[in-house]
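J.: Just dropping this structure here.
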Amino acid sequence: MTKNIIKFASYLATTLVGGSLLTSCDDLIKPALENVQDISEMYNDPQFARGLIDNAFLVLPYDGSSVSDVATDDAVSNDNSNSYKMMATGNWTSESNPVNQWETRYHAIQYCNLFLENIDKVRWDYTSEALNQMHMDLYRGQAYALRGLHMFYLLRAHCGMVGNDLMGVPIHLESEGKSSDFNLPRNTFKDCIDQIMADFDEALKYVPAEYGDVSSGNVPQKYASIGATDAEYNRAFGNMQRGKIDGNIIAAFKAQVAIFAASPAYTAGGAMTYEQAAKYAADYLKLRGGLAAVDPTGWKWFAEKSFINNYKFTDPDPVEVVWRGTVGDSHSMESDCFPPSLEGNGRINPTQNLVDAFPMANGYPISDAASGYDAANPYENRDPRLRTYILVNGDPMGVNSTPINTQADSDPKKLDGLNKEVGRSTTTGYYMRKLLRDDVNLNPSSTTDQRHFGIRIRTTEILLDYAEAANEVSGPLANVGGANFSAYDIIKAIRARVHSGEDWADAYLESIKGDQAKMRELIRNERRLELCFENHRFWDLRRWKANLTEGAKGVSITTSAAGVTNYQKIDVESRQYQEYMIYGPIPYSELLKWSNLQQNNGWSSN
């Protein structure tokens, strides 16, 4: 297709020279050749066939930057045109929906279905029957896994209550053509979850647990029995395939889907229990060594510069990384989020709400009398994650470790202060630090990029999935789902690693370890902290049926003539969600086209 586009561009260049189009009578009468490639082109062109799956990969809804957090109580955007900001402040409709997944997910599912319907006709390799079969298995497994994954994101965005029933979306297991019936009703939520899990299980039949080269005749029996050599196996399933979906990644997918379906907002669908969710999370964690999956540096993976700078895509991933995304040199996130004095636009402003969620260094919430919290020195003796994830007043940032003054009464020429410049300065008194590289230089005369490591799924997420599910099943101390660890064990390890090890005394955790309700609150808070700015909070609040309308707060910092610094909490932005908005809408445009589609309760259908 690329060659045809180039030829067409060349044709235009030659025929439009001098502003005139030279044509003959034959040109006007004969129909022009069209660049329309039939699906049969893939049968003898594996590159064309892979293109279908590549399209399904390319549109996965993973964003390495913080996007949806500004629609929650964790952050606001200083960009008044931000669609998530508008959604959070009362402009979320079935026509204006920044989390809409309908068209893109169904397009991806169509690619997967076309691929699966034709894969057996593709000649993947002419040199070896074994290699041909292995490539067929590799890509068949990718297609099933991707179909399930796209279905999950579609369901998460558009399922909801219709009357008294929890409904999903129409399930498409066949490609659509001009004779297809497009006016399909919605399947139930349970139907959709069952189909997603079935696709993941089917994918597991074809992909290895993980990719990697073998030697000395260690080809798996499945392929050794058809004559596959080490070199052939390595070509199909070796180091070069790392980054594609494997069995470990699918195990994590299943844990994600299970905790979603077991959550309070979806229990009416009867698709999954917390006990099942605990087992799926435990199944993944067993693959990573159980509690050994708690990576000591997992909480600051984005700041592990030596690892990121020296990483090669054929390298095995660290335990914290379930599935990696892009790895490349850039400065786009820094340009968006650095303070103005560092040539940034300060787009993502963490809230006081989130700052207050970080405990003290002794593990106690700042609201607890035993914490030692001092409102006159609010950032002292706090959990190390606070100042690793959020820039607070006076902290250094950038290649020159420049102190950033966010005070409301700072010099008017210092644009980092609260509301100093619309669209660039902080509106909350804080700037985001997580995900950013301090060694990026945005100076226009000497801009430098740095390498960033994108992670689509982290092991910490699955650890927290297990803790949540296990606690809901049997409380903090019980081992659930075949695991030899409890919710308490997971939370203890996650909190201890921030303080460099198991010897850290977590008195607060010990004080609540027998209380299921308090452990639930702690698990949810740990999830909020560990996964902040990674696009989880928006979905977590909804699946928990939590408070969506807590207004975003900030801090106005001023210093008196006597040198006393005052910290005044301020209201920054309201959150105007209705109760029914724990579920998203079916796109209004789809309701206009298809009479069998029903809208979720509360959302406008006209």
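The values are calculated or read from the model by the stated rules, or taken from the named source; none is laboratory data. If you're wondering where the values come from, they're calculated on a predicted model, not measured in any experiment. Note that we place each Cβ from the backbone using ideal geometry, even for glycine, and neighbour counts take in every protein chain shown. To get the accessible areas, we keep the full protein, side chains included, count just its heavy atoms, and leave off ligands, DNA and RNA. Shrake-Rupley method; radii C 1.70, N 1.55, O 1.52, S 1.80 Å.
J.: Output the residues belonging to the range 232-250 that are open to solvent by 70 Å² or more (accessible area, probe 1.4 Å) and either farther than 30 Å from R458 by Cα or aliphatic (A, V, I, L, M) (or both).
T.: Once the filter is applied, which keeps residues that are open to solvent by 70 Å² or more (accessible area, probe 1.4 Å) and either farther than 30 Å from R458 by Cα or aliphatic (A, V, I, L, M) (or both), the range 232-250 yields only M240.
J.: Tell me yes or no: at least one residue of the range 477-500 is over 23 Å from the mean Cα position of the chain (by Cα) and at pLDDT below 95.
T.: Looking for residues that are over 23 Å from the mean Cα position of the chain (by Cα) and at pLDDT below 95, one finds at least one in the range 477-500, hence yes.
J.: So if I check each of N362, N377, which one is part of a loop (DSSP other than H, G, I, E, B), of a type outside the set (D, E), surrounded by 16 or more Cβ atoms within 10 Å (Cβ to Cβ) and at pLDDT 95 or above?
T.: Being part of a loop (DSSP other than H, G, I, E, B), of a type outside the set (D, E), surrounded by 16 or more Cβ atoms within 10 Å (Cβ to Cβ) and at pLDDT 95 or above holds for just one of N362, N377, which is N362.
J.: Which of the numbered conditions does A88 fail, given that it passes all the others? Conditions: (1) under 21 Å from Q578 (Cβ atoms); (2) of a type in the set (A, V, I, L, M, F, W, C); (3) surrounded by fewer than 18 Cβ atoms within 10 Å (Cβ to Cβ).
T.: The one condition A88 does not meet is (3).
J.: Now a separate question. Is it fair to say I455 is open to solvent by 20 Å² or more (accessible area, probe 1.4 Å) and among the β-branched types (V, I, T)?
T.: Yes: the conditions hold for I455.
J.: Right, another one. For R575, work out the one condition from (1) closer than 30 Å to E461 by Cα; (2) outside any loop (DSSP other than H, G, I, E, B); (3) open to solvent by less than 60 Å² (accessible area, probe 1.4 Å) it doesn't fulfil.
T.: (2)
J.: I'd like the full set of residues that are at pLDDT below 90, hydrophobic (A, V, I, L, M, F, W, C) and open to solvent by 30 Å² or more (accessible area, probe 1.4 Å), limited to the range 37-57.
T.: Once the filter is applied, which keeps residues that are at pLDDT below 90, hydrophobic (A, V, I, L, M, F, W, C) and open to solvent by 30 Å² or more (accessible area, probe 1.4 Å), the range 37-57 yields only I39.
J.: Under 6 Å between Cβ atoms, which residue pairs at least 6 apart in sequence (or on different chains) link something in the range 50-62 that is of a type outside the set (D, E) with a partner that is open to solvent by less than 50 Å² (accessible area, probe 1.4 Å) and outside any helix (DSSP H, G or I)?
T.: Hits for this filter: Y62/G325.
J.: Are any residues in the range 111-168 among the aromatic types (F, W, Y) and more than 21 Å from the chain's Cα centre (by Cα), and if so, which ones?
T.: Of everything in the range 111-168, those that are among the aromatic types (F, W, Y) and more than 21 Å from the chain's Cα centre (by Cα) turn out to be Y111, F115, W124, Y126, Y139.
J.: Provide a single number: the residues in the range 538-562 that are open to solvent by less than 50 Å² (accessible area, probe 1.4 Å) and either assigned to a loop (DSSP other than H, G, I, E, B) or hydrophobic (A, V, I, L, M, F, W, C) (or both).
T.: 10
J.: Now, a different point. Are there any pairs with C-beta distances below 9 angstrom linking a residue in the range 532-544 that is among the small types (G, A, S) to a residue that is open to solvent by less than 30 Å² (accessible area, probe 1.4 Å), with the two at least 6 apart or on different chains, and if so which?
T.: none
J.: Further question on the same structure: Name every residue in the range 213-236 that is assigned to a helix (DSSP H, G or I) and of a type outside the set (K, R), in order of residue number.
T.: Once the filter is applied, which keeps residues that are assigned to a helix (DSSP H, G or I) and of a type outside the set (K, R), the range 213-236 yields Q221, Y223, A224, D230, A231, E232, Y233, N234, A236.
J.: Limited to the range 545-566, what total is found for residues that are touching a residue at least 40 places away in the same chain (Cβ under 8 Å) and closer than 17 Å to I259 by Cα?
T.: The number of residues fulfilling the criteria is 1.
J.: Out of all the residues in the range 316-358, which are open to solvent by 40 Å² or more (accessible area, probe 1.4 Å), within 19 Å of H452 (Cβ to Cβ) and over 21 Å from the mean Cα position of the chain (by Cα)?
T.: E343, N345
J.: If you check S401, S367, S371, which single one turns out to be closer than 23 Å to D74 by Cβ, small (G, A, S), surrounded by fewer than 18 Cβ atoms within 10 Å (Cβ to Cβ) and at pLDDT 95 or above?
T.: Result of the check over S401, S367, S371: S367.
J.: Within the range 275-292, track down each residue that is under 20 Å from L477 (Cβ atoms) and crowded, with 23+ Cβ neighbours inside 10 Å.
T.: Within the range 275-292, A277, A278, A281, A282, L285 qualify.
J.: In the set Y144, Y106, Y139, which member is part of a helix (DSSP H, G or I) and open to solvent by 40 Å² or more (accessible area, probe 1.4 Å)?
T.: Exactly one of Y144, Y106, Y139 is part of a helix (DSSP H, G or I) and open to solvent by 40 Å² or more (accessible area, probe 1.4 Å), namely Y144.
J.: Follow-up question, since we're still on this one. Restricting to the range 328-351, name every residue that is outside any loop (DSSP other than H, G, I, E, B) and over 21 Å from E573 (Cβ atoms).
T.: G328, D329, S330, S332, M333, E334, S335, S341, L342
J.: Among R520, R524, which is open to solvent by 40 Å² or more (accessible area, probe 1.4 Å), over 18 Å from T89 (Cα atoms) and touching a helix residue (DSSP H, G or I) at 6+ places or on another chain (Cβ under 7 Å)?
T.: R520
J.: Working carefully through the options L442, L435, find the one that is out of contact with any Leu (no Cβ under 7 Å at 6 or more places or on another chain) and aliphatic (A, V, I, L, M).
T.: L435
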